[in-house]
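One structure below.
Every number here is computed from the coordinates shown, using simple stated rules; none is lab data. Remember, predicted model here, so these are calculated numbers, not experimental data. Counting neighbours? That spans all protein chains shown, and the Cβs are built from the backbone with ideal geometry, glycine included.
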Amino acid sequence: MSRPGRDDAPDRLYTLTGGRSRSGPDSPFDLVTLVVAECEPTPGMQSEHVAILRMTQAPTAVVEIAAELRLPVSITRILLSDLHAAGRVSARHPRKAAVPDPDILEQVLVGLRNL
Amino acid sequence: MTAPARPGDRPALRTLAAVTLPCAVVSALVVGGAVAAAPSSVRAPLGLGASAAAILLCAAVTVAVHAVRTARLTRRRLEAAEAGAGHLAQERARLVEQSRQEQERLREDAGRERARLMAELGREQARLTEEFERERARLAEEFDRDRAILADQRAQETARLTEEAARLRAQLDRATRERAAAVSATANAAGRMQALATGMLADLRAMEERHSDEEVLADLLHLDHRTAQAGRLADSVAVLTGARSGRRWARPIGMESILRGAMGRIAGYQRVRVHSASDTAVAGHAAEGVMHALAELLDNAANFSPPTAEVHVYVEEVPSGVIVSVEDSGLVMGEVQLRRAQQAVSGDVAGLGGLTGTRLGLAVVGRLSVKYGLKVSFRPSARGGTGVLMLIPQDILTGPAPVASPPRPAPADPPRPAEPPATAHATAVEDPAPLPGHGTADRETAEAPAGLPKRRRGRTLAAAERARAGARPAEPRATPPADDAKVRAARFSSFRQAVRATGSGPNDPQDPATDAGAAPPAGGAAPAPAETALDHPSHSHAHPEGDTTP
């Protein structure tokens, strides 16, 4: 599972969040919450925050941010919670009706695979 | 020796009066008779003349008497003086005689005394000479005896020392061999421990990405932290034993990552506050050393300050490099401690002799400083504790980090023509990846006019394919190529997987088609992204369903 070069950044995940591993019970972020930046990044910010603010100039889902940052979703949610608490991003929940039926997704998936 | 004047010496006025008065009375009677006998016509002149004559007579008689008396007195004094002079001469003769006798007596005495003293001196001298001779003989004898004893002792001592030296030399040889063996064994073990720690950190990182449960993640992070500290200890031992340093990074590491990497290896990282806006990076070969040295300094600062006090780290760019200052508010180091610490970090102490079991840090910093040309100095901090300044020299810095901090896989970089590295950082962040499900096609065409092919996470294959085909990314694409579709399917599946993992976990087993057809069980054969980066773009916590599509 491990091989040299796999882990190609010296940052450990706990240093990104100051040791926290939970985003708090009232975190507004779940996987599909759309995040929108409310301000421009400022100098001296943590680079992940800068990346999030740049990325979320258009509404972006939490899980995509996590994928883009190559960070676990939980860690991403902590970072987003920090930004949210500082008023730098806002969260928008997608409409419930917009979430398609898993069966349809299944079919779409099969269709996509067959492309 | 004049004799005092006696009362009779000088004629008194009374005695003179006794002469003068009868004379005057007689004269007066004579004058009176003559005047009475004289005729009246000559009485007056006769009276006057006779009176005058009588007065003169009286005066003459008085003077004569006085002169006679004075002469008599003077003769008497002269006689007294002569008698005194004779007496004096006699006295002097007597004294001279007496002094002569005294002198003679003294001379005689002195002669006798001198003779006595000379005799005594002679005796004393003889005695001393004899004593001296005896003493000298005794000393000479004693000296000879001592010399013999000493020579004997020296011979013995020389023999003993020769033997001792031989023994010590043998011991030294053995100790040197043993030390070399021990150091080499320690270095070897440290290297293996480093490898283990590195592997374990990578494993933990992979697990952290695989498990989305917060409880599990918390535990994993805890293990991660512990492992990182163990790894630092192994690194320290490796540095001290002169082994190769732990890791070599293939690319420059940004200052933020350097600081985080250092923080992540110490126990009290939560108390460290970083104030840095620097975007320089440290060259890959030196990054590990700089991180390690910094971690040791941070650990010192955190350990020697109160458990609640913060440690502040400031990064400042200067012409000769970057200065990282670590300020704590703990103990102020004394003069001696400062000097000792300074000496330790200067790397002057080459041996391992000064090490104590608990204080490896500064010696490690010293070794690393020498190796990478770091300059470390201590001073009292304005925060009340100790401040450490570490200068990272310009020759191991590489300017702004070419990669944004969220790491992207280093291999398979498509060529980036005409893109200056200075702007790479900004561009990479400013232009976020197109996101599936949110107008991907629009964003891709919008991105296309920039003319710069960029490899995005999840589009490695597409990028590689495009690069291979030589197709310009700027081409407007009416229909996305099949490769893109495949990739997008993969991304979508990972997205779906993530949603399902938290949202509707129990649904998983109800999906036999997916599981049986595509995904291996999550724990069994997780894909190793480094290996499959080229053809498996999905996030590592997702099932690699995309691979299995025909």
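Which of the peptides B:363-374, A:76-87, B:126-137 is most tightly packed, and how do the rest follow, judged by the mean count of other Cβ atoms within 10 Å per residue? The partial results should precede the final answer.
Values: B:363-374: 22.0, A:76-87: 20.3, B:126-137: 10.0.
Put in order of decreasing packing, that is B:363-374, A:76-87, B:126-137.
Work out the mean other chain Cβ neighbour count within 10 Å for the residues of A:53-60 and drop it here as an integer.
Numbers: counts 1, 7, 7, 1, 2, 5, 2, 4.
Whole-number average of other-chain Cβ neighbours for A:53-60 is 4.
Which value in nm describes the separation of the simple spin-label points at residue B:108 and residue A:93, placed 7 Å from the Cα toward the beta carbon?
Inter-label distance under the simple model: 15.2 nm.
Classify the range B:13-182: rounded, prolate or oblate, from the alpha-carbon gyration tensor (a ≥ b ≥ c, eigenvalue square roots; a/c under 1.5 rounded; otherwise prolate if a/b is larger than b/c)? Don't jump to the answer; show the numbers that get you there.
On the way: a/c = 19.10, a/b = 4.14, b/c = 4.61.
Oblate.
Where Lys and Arg each count +1 and Asp and Glu each count -1, what net charge lies around residue B:107 among other residues with Cβ under 13 Å from its Cβ? Spell out each step's value before the answer.
Values: positive: B:100, B:105, B:112, B:114; negative: B:102, B:104, B:108, B:109, B:113.
Here the count lands on -1.
Within a 10 angstrom radius of each residue's Cβ in A:107-114, how many Cβ atoms of other chains show up on average? Whole number is fine. Before the final figure, lay out each step's value.
Numbers: counts 0, 3, 9, 5, 1, 10, 13, 4.
Across A:107-114, the average partner-chain Cβ count within 10 Å equals 6.
If you place +1 on the Cβ of every Lys and Arg and -1 on the Cβ of every Asp and Glu, how big does the dipole about the Cα centre of the range B:252-400 come out, in debye to the nearest 20? Numbers along the way, then the final one.
Details: 12 positive and 13 negative charges, 77 e Å.
Dipole size: approximately 380 debye.
Rank by packing, highest mean first: peptides B:295-303, B:108-116, with packing defined as the count of other Cβ atoms within 10 Å averaged across residues. Before the final figure, lay out the partial values.
Values: B:295-303: 24.6, B:108-116: 10.0.
Going from most to least packed, we get B:295-303, B:108-116.
Positive end of the dipole of the range B:122-218, charges at C-beta (+1 Lys, Arg; -1 Asp, Glu), about the Cα centre: which of B:186, B:162, B:126 has its Cα farthest in that direction?
Going by the Cα projections, it comes out as B:126.
What is the sum of charges, Lys and Arg at +1 and Asp and Glu at -1, for the other residues whose Cβ falls under 14 Å from the Cβ of residue B:122?
On the way: positive: B:114, B:116, B:123, B:127; negative: B:120, B:124, B:130.
Once all neighbours under 14 Å are counted, the net charge is +1.
Nearest 0.05, what FRET efficiency do residue B:92 and residue B:52 give at R0 = 56 Å with Cβ-Cβ as r?
Details: r = 60 Å, r/R0 = 1.07.
Efficiency at R0 = 56 Å is approximately 0.40.
Looking only at the range B:211-325, where both bridge partners belong to it, what percent of the DSSP beta bridges are antiparallel (to the nearest 5)? If you can, show how the numbers build up before the last one.
Values: 7 of 11 bridges.
In the range B:211-325, approximately 65 percent of DSSP beta bridges are antiparallel ones.
On full extension of the chain, what length is gained from residue B:171 through residue B:44, given 0.36 nm per residue of separation minus the C-alpha to C-alpha distance?
29.0 nm
What does the charge count around residue A:75 come to, taking other residues whose C-beta lies under 12 Å from its C-beta (Lys +1, Arg +1, Asp -1, Glu -1)?
-1
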